[in-house]
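First the structure, in the form of structure tokens, and then the observations on it.
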Amino acid sequence: MRIPAAMLLLFATAFAQDKTTRARAIHATIVGVDSHLDTLQRVLTQNAELGKHVPYGHVDLPRLKAAGMRAPFFALWVPTYFKGAEAVRRTLQLRDAMQRVLDAYPNDIELATNAGEVERITRAAKIAVVLTVEGGHQIADDLAVLHMYHKLGVRSMTLTHFRNNNWADSSTDKPVHDGLTGFGREVVREMNRLGMIVDISHVSDKTFYDTLQVTTKPVIASHSSCRAFSDVPRNMSDDMIRALGRNGGVIGINFGPGFLNQADADTFKKRIGNAVAKDPGLSGHALDEYAAKDYIRDYTEMIPAKATLEDVVRHIDHVVQLAGVDHVGIGSDFDGIGAVPAGLEDISKMPRLTAALLQRGYSEGDVRKILGGNFLRVLRLVTGR
Ligand SMILES: [Zn+2]
């Protein structure tokens, strides 16, 4: 029997609508985790009022709530041109910006320092924000600084940013330490002891494998994607993804088009090259002003890109095939990327990704793991609660 094309189209449309309805229902009840958001840069440099739904930027509290992304990881990201004590000062400015948000909207957002707190806070219909530090240079080679970040609520740290620091090699710099130094290993052990998640996004391949040898807890790649589809050093090779899976860790897929699609990789490599080379030679408020302009120029206006939502699905599929559905999550890098994939223009579009995953045959249980369950498992294991 031949089914008329018009009829097939009708079935397909009804099927897709059903997935959209199911996706919305899932997002109404999930505790979604996005393991890397740079939204605090907007608060610090532009005084963004996160309590209001605004038509710019990728993330605010109303959009997080509407999308069910109730446990976002907010990064205290300090560019590597802040060095030594200057990097510590900038980290405190970002922590202060976070505090302003917490104090301004006590009914909407609360700091979570373990998985139990995420549960309690989200049950009260609030956003449970988890704080992270992006770049090991921010401890200024001093474990006392790491300890105090922990006291200030930080529960994860990316070991490097775009440049090597004094104890770990970065994926976007020339290797000088052959991975982790002795002190670098000590940092990993101390993070394990404190209950801070070790984040291996940005690190060199050798630093990644050294970290896996030292750590006694699962680690995460908070915002990286697969080299199989975009061969850039910031992404993970198949072997690294398998090793991360064996460690019990999770990779959060980065939505930056250069991370997702080879067609966008060259633009991305150029941008990274520029970022690595920046060294204004300033300090104090002159450096702060430089950093604010730098952020606004690179991350406010989105440039055109080829990547789409389907690319994100491809990356998720790939990790699931290599390591299993327990080892992939979302690490969009929203508010820290200079372009967005079509279909995922901001955090409010997340239900579309869920609809696409359902369409692909993922069960609701799998979707819940990918959208947050996997990262919450690691948070519970590492913090012990
Ligand atoms: Zn980053």
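Bear in mind these aren't lab numbers, they're just calculated from the coordinates by the rules spelled out. Just so it is clear, the model here is predicted, and its values are computed rather than measured. Using ideal geometry, Cβ is built from the backbone for each residue, glycine included, and neighbour counts are taken over all protein chains shown.
Label 7 Å along Cα→Cβ of Glu310; segment 342-368 residues with amide nitrogen under 18 Å? Output list for this probe position: 342-345, 352-362. For Arg193, put the label point 7 Å out on the Cα→Cβ axis and report which residues of segment 107-130 keep their amide N under 18 Å from it. Residues passing the 18 Å test: none.
Summing +1 for each Lys or Arg and -1 for each Asp or Glu among the other residues whose beta-carbon sits under 15 angstrom from that of Ala97 gives -3. The long axis of helix 262-277 is offset from the longest Cα principal axis of the chain by roughly 20 degrees. The protection proxy used here, the mean number of other Cβ atoms lying within 10 Å of each residue, ranks peptides 68-80, 100-112 as follows, highest first: 68-80, 100-112. Hull volume per residue, based on the alpha-carbon atoms of segment 185-299 and their convex hull, is 131 Å³. A Förster radius of 41 Å combined with the Cβ-Cβ distance from Gln321 to Tyr105 puts the calculated FRET efficiency at roughly 0.50. Other residues whose C-beta falls under 15 angstrom from the C-beta of Val31 contribute a net charge of +4, scoring Lys and Arg +1 and Asp and Glu -1.
Remark: the Ala243-Tyr209 segment gains 11.4 nm on full extension, using 0.36 nm per residue and subtracting the alpha carbon distance.
Translational diffusion coefficient, Stokes-Einstein: compute it for segment 290-363 using the Kirkwood radius over C-alpha pairs as Rh, at 37 °C and 0.692 mPa s, and state it as an integer in µm² s⁻¹. Using the Kirkwood radius from Cα pairs, D works out to 238 µm²/s.
Panel order for Thr207, Thr29, by other beta carbons found within 10 Å of each beta carbon, from fewest to most: Thr29, Thr207. Candidate cross-link partners of Lys126 among the lysines, defined by an alpha-carbon separation under 25 Å and a same-chain spacing of 8 or more, comprise Lys52, Lys65, Lys151, Lys349, Lys369.
Arranged from fewest to most other beta-carbon atoms within 10 Å of their beta carbon, Phe334, Phe183 become Phe183, Phe334.
Less than 11 Å Cβ to Cβ from Leu152, Lys/Arg counted +1 and Asp/Glu -1: what total charge do the surrounding residues give?
Values: positive: Arg95, Lys151, Arg155; negative: Asp96.
Net charge around Leu152: +2.
Summed over qualifying helices (DSSP H, 4 residues or more, each -39500 (n - 2.57)) and divided by its residue number, the chain shows a 222 nm mean residue ellipticity of -15000 deg cm²/dmol. Counting only aspartates and glutamates at least 8 places from Lys83 when in the same chain, those with an alpha carbon closer than 14 Å to its own are Glu134, Asp141, Asp142, Asp279, Asp288. For the chain, with only Lys/Arg (+1) and Asp/Glu (-1) charged at the beta-carbon, what is the dipole magnitude about the Cα centre, in debye rounded to 20? Computed about the Cα centre, the dipole is about 900 debye.
Once you reduce segment 232-276 and segment 160-215 to the center of their Cα atoms, the two points are 17 Å from each other. Each peptide in 49-55, 277-283 gets a packing score, the mean of other Cβ atoms within 10 Å over its residues, and the list from highest to lowest is 49-55, 277-283. If R0 is 45 Å, the Cβ-Cβ spacing of Met7 and Ala342 corresponds to a FRET efficiency of close to 0.95.
Scattering from segment 36-171 was approximated by placing one identical point on each alpha carbon and applying the Debye formula without solvent; log10 I(q)/I(0) at 0.17, 0.18 1/Å stands at -0.89, -0.98.
Put in order of Cβ neighbour count within 10 Å, fewest first, the listed residues Ser332, Ser170 become Ser170, Ser332.
What GluC sites (Glu not before Pro) does segment 269-323 have in DSSP loop regions with at most 12 other beta carbons within 10 Å? Taking segment 269-323 and a limit of 12 other Cβ atoms within 10 Å, the loop GluC sites (Glu not before Pro) found are Glu301. Placing one identical point scatterer on every Cα of segment 28-383 and ignoring solvent, what is log10 I(q)/I(0) from the Debye formula at q = 0.07, 0.09 Å⁻¹? After summing over all Cα pairs, the log10 values are -0.24, -0.42.
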